[in-house]
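The values are calculated or read from the model by the stated rules, or taken from the named source; none is laboratory data. Because the structure is predicted, anything quoted here is derived from the model rather than measured. Note that each Cβ is placed from the backbone with ideal geometry, even for glycine, and that neighbours are counted across all protein chains shown. Note: areas computed on protein heavy atoms with side chains; ligands, DNA, RNA excluded. Shrake-Rupley method; radii C 1.70, N 1.55, O 1.52, S 1.80 Å.
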Amino acid sequence: MYNRIFTAPSQLVQDSVKKTKKWQQNTIDAFESLVLFENRQIKNSYYNKVTNYNLKRGILNMNDVEKVVDPYGLGLGTFPARMEHKGVGNSKIDLLVGEHMKRKFDFRVIRSSSDQQGIREVEEAKLQEYQKFFAEQIQNPNFDQALAEKRLKELEEYTNSSFFDVAERGANKLLKYLYKYYYVKDLVFDPAFEDALIAAEQYCFIEEMGGEVSIRKGDPTRIFTIMNGHATNESGLEALVEVTYHTISSLVDLFHDFLTKDQLKELEDYRGYNSGPMPYFNYPMYGHIGELAIPSDSATARVQELMPLGDLDLPMFSSYFDARGNIRLLHCIWRSKRKIKLVKYLDENGVELLKYEHQKYVVDEANGEFLEREEWINEWWRGYKIGANIYIKAEPIPYLGNSLDNISKQEPPVVLQFYNTNSSRAQSLMDIIKPYDYLYNIFDYKRQVLVNLMLPDIVQFPTSMIPDNMTLHEFLNYVTSTAFMPMDPTAEVMTPKGLQAAGTYNTITPNRLSSNQSGPISVLNNVMQDIIRTMDIVSGVTQQRQGAISSTELVGNVERAVTQSSLTTERWFAKNEFFKERCLKRILDIGIHILRKNPKKLSFLMDDFTKEIMTDEEINGVLLADFDLMVSRSSDDAMLLQMIEQNFSQAV
């Protein structure tokens, strides 16, 4: 039976309480329930995200079309059930994604300003290099001033470069290795940018799993969060729940060292029950938002009446198994609390220092230690729920990187970004162009109807004018084969009284009926072109930027239009680069932590196929330093490249 817990257990408890299965299970169940009431101040609804992804796939939601074109429900008209989605706006999203793939993205690791000891060591090493240089010049009997100035300039360039600091050089090699080894650009950054344009959200999970760095992109339609106020990134995250469906074999690959034989047998048995006429597990009807909507082909959907998936607060269901036998995996991370002790002690020189210890630490007062105070700091936990009642790996996340200035400041194992302005609801590029896509689809359907009504000119004539020696079919065959239409204007006609009367010569003639729809079709074409132009304006992606250039346009005007269009869409790239910068910083922190536990030399190829090797000296420098990350802005690089190309063309 599903355990309804809508309040998370207290996180201000001892480690002995957190180790109990009851506390772990109640916490995971609580966040599973609370996800139905997730923070909606910033994020878009599940309904809106699914609708947007379906539009990208060419699937049209007629309920959403009616909501956009008739927002007040006035019943202004009906829409065909089989109206096609042309996806005019998809080309603009594809263009920006393609530009993102081609954009230059460079990064560099530098020593953090918080690493004062490391900075002092670098400065001392620089001073020693200069002292050595001047000592050699003073002792040189063949002193050459010009040569000395040249060597001094080379020394300044070397000591101020990243090659002089061994730790920075090693950290840059480590990050480039991880960036290439895990295909971060192809598997995370490029798809995540497309998620931002479609759903206004992007996620990247970065944590240590099995002694290696785990880096993967998150699906916005499968992730539900509890955020702090109007937070737009992971700094305000309190809890996150990710819902996915897996086969038993896939679960064994992920958790083979935790799942027992009895648990695997239980999953197989439950899957068999669920594929029958009645599901073994199903959720009760509760909640207001209902984010965990199951697929329409699931077992629960077959036997229970499901309410339509809408943007309103409707109760929905969620199944532990789907109709294909896949098992639901609930991945939950949350911010917990840990109690620590701040202890004062004396070093070998009698200087009083402070150190942090765990809550079970026994203060050794005989050796000069005493308890300064106790503190509660943040600590990230994770846990998994498989199916209905299998809870595994509920534990503190091993390492996420801590600040040297604030021990409680621990980053979550996920980097996320919402695309909004101030405290407004997040809005994607698909949300902006979607209404115009709907209007384009409607007018395109009307144009198809008019095309179907187009017929050749119809000749209308009385059958009495057919010659007496021809039947109607013979007459039509003669007309179509010879292009002549013989008619008898003196043939008898019937009077209104039913009597036969002689026809009057040349008073009855055939008429030509025209069914030409070129006028209305031309109007619809103009309206559709106006919709496309309006879509260009609101999206910032103009036809010139997409390559549609008229033969009458001047080169300077086209370049100006493309430049202005790039400025309009730059905000999407700017937020995405901030997202990528935080991802790389997290990857570097986790990589250094793993390197501390298992120091090993790294070897990889650069883009120009030159080989890079991380030496022992660089590894030792990385392990004892703290770093920051700087990234190049692709917009600045693009402007610089454009200036170089213009100057080069003028020189040629």
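Points worth noting:
- Matching residues, region 220-246, being basic (Lys, Arg) and in a strand (DSSP E or B): none
- Search result, residues across region 408-461 that are in contact (Cβ under 8 Å) with a residue 24 or more places away in the chain, of a type in the set (A, V, I, L, M) and not in a strand (DSSP E or B): 426, 429, 430, 432, 433, 439, 442, 450, 451, 453, 454, 455
- Residues (more than 15 Å from residue 384 (Cα to Cα) and open to solvent by 40 Å² or more (accessible area, probe 1.4 Å)) located in region 236-259: 238, 247, 249
- Hey, residue 464 more than 26 Å from residue 585 (Cα to Cα) and either modelled with pLDDT under 80 or assigned to a strand (DSSP E or B) (or both) or not: yes
- Tally, over region 32-60, of residues that are at pLDDT 80 or above, on the phi < 0 side of the Ramachandran plot and not hydroxyl-bearing (Ser, Thr, Tyr): 11
- The one condition in (1) closer than 22 Å to residue 243 by Cα; (2) outside any loop (DSSP other than H, G, I, E, B) that residue 388 fails to fulfil: (2)
- Residue tally, condition surrounded by fewer than 18 Cβ atoms within 10 Å (Cβ to Cβ) and more than 18 Å from residue 218 (Cα to Cα), over region 573-585: 1
- So residue 531, is it modelled with pLDDT of 85 or more and open to solvent by less than 40 Å² (accessible area, probe 1.4 Å): yes
- Extreme residue, farthest from residue 9 (Cα to Cα), among residues of region 359-384 that are open to solvent by 100 Å² or more (accessible area, probe 1.4 Å) and outside any helix (DSSP H, G or I): 362
- Only a single item in (1) at pLDDT 80 or above; (2) open to solvent by less than 60 Å² (accessible area, probe 1.4 Å) is not met by residue 515, and it is number (1).
- Of all residues in region 89-98, those satisfying the criterion of being of a type outside the set (Gly, Ala, Ser) and surrounded by 18 or more Cβ atoms within 10 Å (Cβ to Cβ) are 90, 92, 93, 96.
- When residues of region 1-25 are limited to those that are open to solvent by 40 Å² or more (accessible area, probe 1.4 Å) and in a helix (DSSP H, G or I), the one modelled with the lowest pLDDT: 16
- Tabulated pairs, region 586-600, first surrounded by fewer than 22 Cβ atoms within 10 Å (Cβ to Cβ), second of a type in the set (Asp, Glu) and not in a loop (DSSP other than H, G, I, E, B), C-beta under 9 angstrom, 6+ apart or interchain: 593/208; 594/208; 594/212; 599/616
- Among the residues of region 421-435, those identified as hydroxyl-bearing (Ser, Thr, Tyr) and loosely packed, with under 15 Cβ neighbours inside 10 Å are 421, 423, 424.
- Leading residue by the ranking (farthest from residue 35 (Cα to Cα)) among those in region 207-226 that are open to solvent by less than 20 Å² (accessible area, probe 1.4 Å) and of a type outside the set (Val, Ile, Thr): 208
- Residue match in region 436-450 (condition: at pLDDT below 80 and open to solvent by less than 80 Å² (accessible area, probe 1.4 Å)): no
- Consider region 99-145 and keep the residues that are in a helix (DSSP H, G or I) and at pLDDT 75 or above. The one that is surrounded by the fewest Cβ atoms within 10 Å (Cβ to Cβ) is 102.
- Residue 187, sole failed condition from (1) part of a helix (DSSP H, G or I); (2) surrounded by fewer than 17 Cβ atoms within 10 Å (Cβ to Cβ); (3) modelled with pLDDT under 75: (3)
- Cβ-Cβ distances below 6 Å connect the following pairs, each with a first residue in region 167-178 that is more than 15 Å from residue 626 (Cα to Cα), a second residue that is open to solvent by less than 20 Å² (accessible area, probe 1.4 Å) and modelled with pLDDT of 90 or more, and a separation of six or more residues or different chains: 178/587.
- When restricted to residues that are at pLDDT 90 or above and farther than 16 Å from residue 188 by Cβ, region 200-228 contains 1.
- Residue 395 meets the conditions (1) out of contact with any Asp or Glu (no Cβ under 6 Å at 6 or more places or on another chain); (2) surrounded by fewer than 18 Cβ atoms within 10 Å (Cβ to Cβ); (3) modelled with pLDDT under 80 in every case but one. The failed one is (3).
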